[in-house]
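*Asks:* The structure's right below; bear with me while I get my questions together.
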Amino acid sequence: MADVPQREFVDSAVLARLSRLAFLPRGPVIGNTAGQHKSPHRGSSVEFAEYRKYVQGDDIRHVDWRVYGRTDRFYMKEFEADTNMRCMLLVDCSRSMAFGEAGKTKFDYARRMAATLAHLLTRQGDSVGLMCFSDQIVHEIPPRHKASHLGHIFNALANTNPEGTTNLSKILHEAAEKISRRALVIVFSDFFTSIPDLLNCFKHIQFRKHDLAVFHLLHDEEVNFRFDRPTRFADMETSFSMITDPATVRELYVTELDRYLDDIKRGCAEFQVDYQRTLLSLNYEEVLADFLLQRMGRPRSTTDASPAGTSAP
């Protein structure tokens, strides 16, 4: 494979270590070229699928002569067709994704993860595309499997800054329709939106038969709420702000946060969404390794993050 384009959010050492793990879809996929994943169509790979009766014009090399010897009838052996996976990476670039320290914001974290997964997918011959979005789609790159395609994805990620408001539900509904063929859809966002609206999006994506995975990015301060003096809290996407004593609102905040996280996790389970709650303090390489291992059917090594004083849902 061609050299990885040099970007500050692409770590060659991380890529080398993660490349030892396969990136697997859940269930059959539909792609454009021969690859390593199961397809719902029949083909001529090495894994036997089923028999069917011979019809005139079939290649006699696939006749099962042992079955013919027992039944005096011609039966053809069919195999699972292998194909490449199509993946669309959706990266939230609304203003709330700028939360965090310089160089360590939610968007910085999402960009590193998206770039790393794009490289891993391309390396194993799969097609990968990108959507960066706020209240509209800022960048849209259709899935391709060529190594040179990575440069376009990395350029888009490098030239995107978190700004503007978000309309996550609108974007997810739009993406469900835009991605016309069955694909793996991976969303990186802080998911600050109406839970019923979000679950309707998941239902839509499930109806379109896409395999959906979401990385729910949260800053440790949002989860732990360890503020100990009067603080001004400002909405990063509107002009709203308020000054309050954290001690007076902490209990209510943690209760509401727990409810919000529970609702998202239950909704993801209901609509078969691969849910990954991720704190920015976690090493992104370990988070991706856990994700890939989970896809390979092996247990995760880390646990979901949960607010201080609460249990993970």
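*Asks:* What are the pairs, 6+ residues apart or on separate chains, where a residue within the range 5-24 that is over 17 Å from LEU89 (Cα atoms) has its Cβ under 8 Å from a residue that is assigned to a loop (DSSP other than H, G, I, E, B)?
*Replies:* That search, which allows pairs on different chains as well, returns SER12/VAL4; LEU15/VAL4; LEU21/MET296; ALA22/GLN36; ALA22/GLN124; ALA22/MET296.
*Asks:* Examine the range 240-256 for a residue that is within 19 Å of ASP92 (Cβ to Cβ) and in contact with an Asp or Glu (Cβ under 9 Å, 6 or more places away or on another chain), and state whether such a residue exists.
*Replies:* There is no residue in the range 240-256 that is within 19 Å of ASP92 (Cβ to Cβ) and in contact with an Asp or Glu (Cβ under 9 Å, 6 or more places away or on another chain).
*Asks:* Also: Against the condition surrounded by 15 or more Cβ atoms within 10 Å (Cβ to Cβ) and either on the phi > 0 side of the Ramachandran plot or in contact with a helix residue (DSSP H, G or I) (Cβ under 9 Å, 6 or more places away or on another chain) (or both), how does ASP258 come out, does it pass?
*Replies:* It is false that ASP258 is surrounded by 15 or more Cβ atoms within 10 Å (Cβ to Cβ) and either on the phi > 0 side of the Ramachandran plot or in contact with a helix residue (DSSP H, G or I) (Cβ under 9 Å, 6 or more places away or on another chain) (or both).
*Asks:* I need the full set of residues from the range 125-154 which are aliphatic (A, V, I, L, M), closer than 21 Å to ASP190 by Cα and either assigned to a loop (DSSP other than H, G, I, E, B) or without any contact (Cβ under 8 Å) to a residue 40 or more places away in the chain (or both), in order please.
*Replies:* ILE137
*Asks:* Sticking with this structure for a sec: Sort through THR160, THR165 and tell me the only one that's more than 22 Å from GLU8 (Cα to Cα) and assigned to a loop (DSSP other than H, G, I, E, B).
*Replies:* THR165
*Asks:* Looking at the range 179-195, can you tell me whether even one residue there is in the same structural domain as ALA118 (by TED's automatic domain parsing), assigned to a helix (DSSP H, G or I) and under 26 Å from the mean Cα position of the chain (by Cα)?
*Replies:* Scanning the range 179-195 turns up at least one residue that is in the same structural domain as ALA118 (by TED's automatic domain parsing), assigned to a helix (DSSP H, G or I) and under 26 Å from the mean Cα position of the chain (by Cα).
Listed here are the residues, each with its yes/no results for (1) assigned by TED's automatic domain parsing to the domain that holds THR166; (2) under 25 Å from PHE133 (Cα atoms); (3) at pLDDT 90 or above.
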| residue | (1), (2), (3) |
| --- | --- |
| ALA16 | yes, no, yes |
| ARG20 | yes, no, yes |
| TYR51 | no, no, no |
| ARG61 | no, no, no |
| GLY69 | no, no, no |
| CYS93 | yes, yes, yes |
| ASP108 | yes, yes, yes |
| MET113 | yes, yes, yes |
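*Asks:* Right, here's the next one. Which condition breaks for ALA156 when tested against (1) crowded, with 17+ Cβ neighbours inside 10 Å; (2) touching a Lys or Arg at 6+ places or on another chain (Cβ under 9 Å)?
*Replies:* (2)
The values are calculated or read from the model by the stated rules, or taken from the named source; none is laboratory data. As the structure is a computational prediction, the values presented were derived from the model and not from experiment. Ideal geometry is used to build each Cβ from the backbone, glycine not excepted, and the neighbour counts take in all protein chains shown.
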